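Reading through the structure tokens given below for one structure.
The values are calculated or read from the model by the stated rules, or taken from the named source; none is laboratory data. Just so we're clear, the structure is a prediction, and the values are computed from it rather than from any experiment. Neighbour counts run over all protein chains shown; Cβ positions are idealised from the backbone, glycine included. SASA here: full protein model, heavy atoms, side chains in, ligands and nucleic acids out. Shrake-Rupley method; radii C 1.70, N 1.55, O 1.52, S 1.80 Å.
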Amino acid sequence: MSMRHIISVLMENESGALSRVAGLFSARGYNIESLTVAPTEDGSLSRMTLVTQGSEEIVEQITKQLNKLVDVVKLADISDGTHIERELMLIKLRAQGDSARSEIKRMVDIFRARVIDVSDDTFTVELTGSGDKLDAFIKAVDTGFIMETVRSGATGISRGSKSLQV
Amino acid sequence: MQLSGGEILIQFLKDEGVEFVFGYPGGAVLHIYDALFRQEDVKHILVRHEQGATHAADGYARATGKPGVVLVTSGPGATNAVTGIATAHLDSIPMVVITGQVSTPLIGSDAFQEVDAIGITRPCVKHNFLVKDVKDLATTLKKAFYVATTGRPGPVVVDIPKDVTDPGIKIEYEYPQTVAMRSYHPTVKGHPGQVKKAAELILSARRPMIYSGGGVVLSRASAELTDFVRQLGYPITSTLMGLGAYPSTDQKFLGMLGMHGTYEANMGMHECDVLIAVGARFDDRVTGDTRKFCPNARIIHIDIDPSSISKNIRVDIPIVGDIKDVLNDITAAFKELKQKPDSEALASWWKQLERWRSKQCLKYDRNSDLIKPQYVIEKLYEVTKGEAFVTSDVGQHQMFAAQFYPFDKPNRWINSGGLGTMGFGLPAAIGVQLGHPGADVACVTGEASIQMCIQELSTALQYRTPVKVVNLNNRYMGMVRQWQEFFYDSRYSQSYMDTLPDFIKLAESYGHVGMRIEKPADVEAALREAFAMKDRTVFMDFITDRTENVYPMIVAGKGHNEMHLAPECLMDNPDDRELA
Ligand SMILES: Cc1cc2nc3c(=O)[nH]c(=O)nc-3n(C[C@H](O)[C@H](O)[C@H](O)COP(=O)(O)OP(=O)(O)OC[C@H]3O[C@@H](n4cnc5c(N)ncnc54)[C@H](O)[C@@H]3O)c2cc1C
Ligand SMILES: Cc1ncc(C[n+]2csc(CCOP(=O)(O)OP(=O)(O)O)c2C)c(N)n1
Ligand SMILES: [Mg+2]
């Protein structure tokens, strides 16, 4: 059965590291839903979050193949246990006239989002949450309002004292 | 010691104990070649094509167990090396390939002879490094050798921009004795719980089968494997890559398995109840249709690379570790268990295996007026007393060599299994001969394959490597022709060449001895004469039966019990020949 998995990877913060992961996924035909990467508190390490879809067997191969990359220090399939998943979205909305502006503000309140930039005819809204929540927001606002969306892709962390560290 | 980057590279190779560098010069590596010129410890072997350099280094590595080292220039030097890098990668051969690169300020500017060597080689190396600062050169080289030779071995590329080897910039050099890599720790010791479970299952088997592979050669675990088989009395089969790790002339050995494996090995696989896979990766040439693979067996798999395990076939007891250690641990676990193998069940299993063996699946027509390729290999075996190092190219001749030259020692059978690279055989033989100067080295090849790296005959003369080329000349790309005969109604589309060179003259023009052999009666004498010429490269052009096929054969979608068998083999019922 195909399931969604969130794989967190700690890897050497080297220039070629990201292309090794991307190359692995394309060469072996694995599916990537999203991929985010940034340095950690230790600048020599990057943390990557990969969301993928696949059967038990495929995800097992994905984690083995990732572990085999010499730049990968450690990884965990955080969806194996309880975890928190967050994604950031910035969305620019056309906000002309009072009714549109108040309609958008209402949505922002309901979703506990924030307006982070305002101009005469636009609002830019920031929203974090699970991917589903971001999808729901997009659905809730009138498509005619949407000028631009940018999403970070999912990141995640395990609950409790479990942690992915060197 | 104050050294330039070029000097550091050469001094490092010397300190690392590297004997030979196989290479070809060019602009981006001229500083390195200049440093090479001013010393005598590291010997450079000048090939005639960079593909030849990689195969020669690879052959040297396979025959000696030491990493092969290659040095090529940027751009076309690097791209020409790619086929050889991929060949080594698929067979897990330790190799360090140094590619020159344009100077760091020019990288990314489409400079003269610039290619993204790191990008191009990424999918076919174990790892690769770009060195941007001469201060990192020595430690990076140390890491490259460490990664290439440990765990599951493989090729590592080190891309070095020209300014990093600048003779005007000298820095302090000290050989890095140790290497620290937090992200790379291959597992060597097997998990004790898994080892115990495996030991129990092995002893409880009624129809066991040991399936060994190239990992045994790479782990240098022949002695441990041989002990393991002897104490159990179990049958053993091997992949193409594992041949020689267990003595092929021993009665417990059933021959190779898989697509062109023996009847007894493949039937044994199909009927076994416990399969013990040792350093083999369940390749599709071995498994046939995976849904029909070992239908009745519980499977134990020992492999150093976790990603080899349960990749193609789900196994019951995986053990990640080095074969040497794991086999020793399993043997120790046997001693603690009171259990003994069921000798009655084993005896009746052996009876069945011997019945299969008695069909003589490798039988061929010995009364033909034409030279049979199998016969040449049998004679090669006799003349070299089974002691030669045999390299091969890719095709029918490769399978005949694997089937008819029973290797009793590891590291003697040198061929491209995973990538199946035509052109491998001759340069590999040169590398083997450099590693074993006094030994008999034969390159079994075909008239198509040999032409892919024929230019290395020139290298063989320059370095006086007296390899013996055994060309099984069937005037066809025989392996392709065989598939076309079976699956395309004998439409031989482009599987022959209208013109072939006169191989005798060709060999002579390269400064070697050439022989043409056209009659079966002349085969042995020719081989004897050739191998008696200890200091000459001899090219033997055997004109063989062009219609011969490789049997047995498992075609796509079939299981191990569904082989095509040779017309000559002894089936009780003629219908059994087409078990499909
Ligand atoms: C024309 C042609 C026909 C072929 N027909 C056949 C055929 O009929 N039968 C056949 O068998 N092959 C055949 N092959 C070869 C086939 O393609 C594969 O190359 C071969 O089967 C793989 O062998 P292997 O499983 O031993 O793996 P290898 O490629 O040798 O891999 C070795 C395995 O051992 C592991 N390993 C390495 N070092 C260690 C260690 N220290 N400890 C533990 N594990 C280790 C590795 O991780 C890997 O999984 C053919 C090839 C060609 C070109
Ligand atoms: C570089 C490369 N190109 C193509 C192939 C496909 N191929 C496999 S065997 C073969 C024919 C080999 O012919 P020959 O060397 O004469 O050997 P024979 O099969 O006749 O013994 C070909 C073309 C290959 N393995 N390698
Ligand atoms: Mg041929």
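General remarks:
- Residue match in region B:84-96 (condition: of a type outside the set (D, E, K, R), within 16 Å of ligand 1 (Cβ to nearest atom), touching a strand residue (DSSP E or B) at 6+ places or on another chain (Cβ under 7 Å) and within 14 Å of chain A (Cβ to nearest Cβ)): yes
- Cβ pairs under 9 Å, 6+ apart, first in region A:123-151 and touching a residue at least 24 places away in the same chain (Cβ under 8 Å), second among the aromatic types (F, W, Y) and in a strand (DSSP E or B): A:F145/A:F123
- Contacts under 9 angstrom Cβ, first residue in region B:376-396 being within 14 Å of chain A (Cβ to nearest Cβ) and under 15 Å from B:D58 (Cβ atoms), partner more than 15 Å from ligand 1 (Cβ to nearest atom) and open to solvent by 10 Å² or more (accessible area, probe 1.4 Å), 6 or more apart: none
- Candidates are the residues of region B:62-117 that are acidic (D, E) and closer than 25 Å to A:S15 by Cα; the one that is surrounded by the most Cβ atoms within 10 Å (Cβ to Cβ) is B:E114.
- Matching residues, region B:101-118, being of a type outside the set (A, V, I, L, M, F, W, C) and in contact (Cβ under 8 Å) with a residue 12 or more places away in the chain: B:Q101, B:S103, B:T104, B:P105, B:Q113, B:E114
- The residues of region A:25-39 that are under 22 Å from A:L164 (Cα atoms) and touching a helix residue (DSSP H, G or I) at 6+ places or on another chain (Cβ under 7 Å), listed by number, are A:I32, A:V37.
- Region B:119-131 residues that are more than 8 Å from chain A (Cβ to nearest Cβ), paired with ones that are among the acidic types (D, E) and in a helix (DSSP H, G or I) (beta carbon under 9 Å, 6 or more apart): B:F129/B:D136
- Residue within region B:394-411 that is over 21 Å from B:H89 (Cβ atoms), of a type in the set (S, T, N, Q), buried (at least 21 other Cβ atoms within 10 Å of the Cβ) and within 16 Å of ligand 3 (Cβ to nearest atom) present: yes
- Residue that is nearest to B:D273 (Cα to Cα) [pool: residues in region B:215-246 that are open to solvent by 10 Å² or more (accessible area, probe 1.4 Å) and of a type in the set (V, I, T)]: B:T239
- For B:A138, the conditions (1) within 12 Å of another protein chain (Cβ to nearest Cβ); (2) touching a residue at least 40 places away in the same chain (Cβ under 8 Å); (3) of a type in the set (G, A, S) are fulfilled apart from (1).
- A:K92 open to solvent by 60 Å² or more (accessible area, probe 1.4 Å) and farther than 30 Å from A:D120 by Cβ: no
- You will find that of B:V147, B:V156, the residue that is within 10 Å of chain A (Cβ to nearest Cβ), open to solvent by less than 10 Å² (accessible area, probe 1.4 Å), in contact with a helix residue (DSSP H, G or I) (Cβ under 7 Å, 6 or more places away or on another chain) and touching a residue at least 12 places away in the same chain (Cβ under 8 Å) is B:V156 and no other.
- Given (1) in a loop (DSSP other than H, G, I, E, B); (2) within 14 Å of another protein chain (Cβ to nearest Cβ); (3) open to solvent by less than 30 Å² (accessible area, probe 1.4 Å), number of the condition B:C361 does not satisfy: (2)
- Look at region B:165-184: where a residue is within 14 Å of chain A (Cβ to nearest Cβ) and under 24 Å from B:L71 (Cβ atoms) and a partner is among the hydroxyl-bearing types (S, T, Y) and surrounded by 15 or more Cβ atoms within 10 Å (Cβ to Cβ), sitting 6+ places away or on another chain with Cβ atoms under 7 Å, you get B:V179/B:Y146.
- Residues of region B:244-258 classified as under 17 Å from B:C361 (Cβ atoms) and either of a type in the set (D, E) or out of contact with any Gly (no Cβ under 9 Å at 6 or more places or on another chain) (or both), total: 2
- Applying the criterion of being at pLDDT below 95 and within 19 Å of B:R206 (Cα to Cα) to the residues of region B:305-341, the residue that is most open to solvent (accessible area, probe 1.4 Å) is B:K338.
- Some residue of region B:117-130 being more than 16 Å from ligand 3 (Cβ to nearest atom) and at positive phi: no
- Remark: pairs (first residue in region B:251-275, more than 11 Å from B:N296 (Cα to Cα); second residue aromatic (F, W, Y) and crowded, with 24+ Cβ neighbours inside 10 Å; Cβ separation under 9 Å; 6+ apart in sequence or on different chains) = B:K252/B:Y246; B:F253/B:Y246; B:G255/B:Y263; B:L257/B:Y211; B:A265/B:Y211.
- Any hit, region A:61-71, residues being touching a residue at least 24 places away in the same chain (Cβ under 8 Å) and either open to solvent by 40 Å² or more (accessible area, probe 1.4 Å) or aromatic (F, W, Y) (or both): no
- Counting only strands (runs of 3 or more DSSP E) that sit wholly inside region B:112-198, those with at least 1 residues that are within 23 Å of the chain's Cα centre (by Cα) are B:127-130, B:155-161.
- Among the candidates B:G420, B:G478, B:G446, residue that is under 19 Å from B:G242 (Cα atoms) and within 16 Å of ligand 2 (Cβ to nearest atom): B:G420
- When A:E126 is tested against the conditions (1) more than 19 Å from the chain's Cα centre (by Cα); (2) open to solvent by less than 80 Å² (accessible area, probe 1.4 Å), the lone failure is (1).
- Count - residues of region A:8-24 that are in contact (Cβ under 8 Å) with a residue 24 or more places away in the chain and more than 9 Å from chain B (Cβ to nearest Cβ): 7
- Some residue of region A:148-165 being within 14 Å of chain B (Cβ to nearest Cβ) and open to solvent by less than 50 Å² (accessible area, probe 1.4 Å): yes
- Scan region B:423-443 for residues that are among the small types (G, A, S) and either more than 16 Å from ligand 2 (Cβ to nearest atom) or out of contact with any Cys (no Cβ under 7 Å at 6 or more places or on another chain) (or both) and the total you get is 6.
- Scope region B:3-41; condition surrounded by 21 or more Cβ atoms within 10 Å (Cβ to Cβ), closer than 22 Å to B:G65 by Cα and among the β-branched types (V, I, T); matching residues: B:I10, B:V21
- Residue within region B:417-433 that is more than 16 Å from ligand 3 (Cβ to nearest atom), in contact with a strand residue (DSSP E or B) (Cβ under 8 Å, 6 or more places away or on another chain) and free of Cβ contacts under 8 Å to residues at least 12 places away in the same chain present: no
- Residues of region A:6-21 satisfying the condition of being surrounded by 15 or more Cβ atoms within 10 Å (Cβ to Cβ) and assigned to a helix (DSSP H, G or I): A:A17, A:L18, A:R20, A:V21
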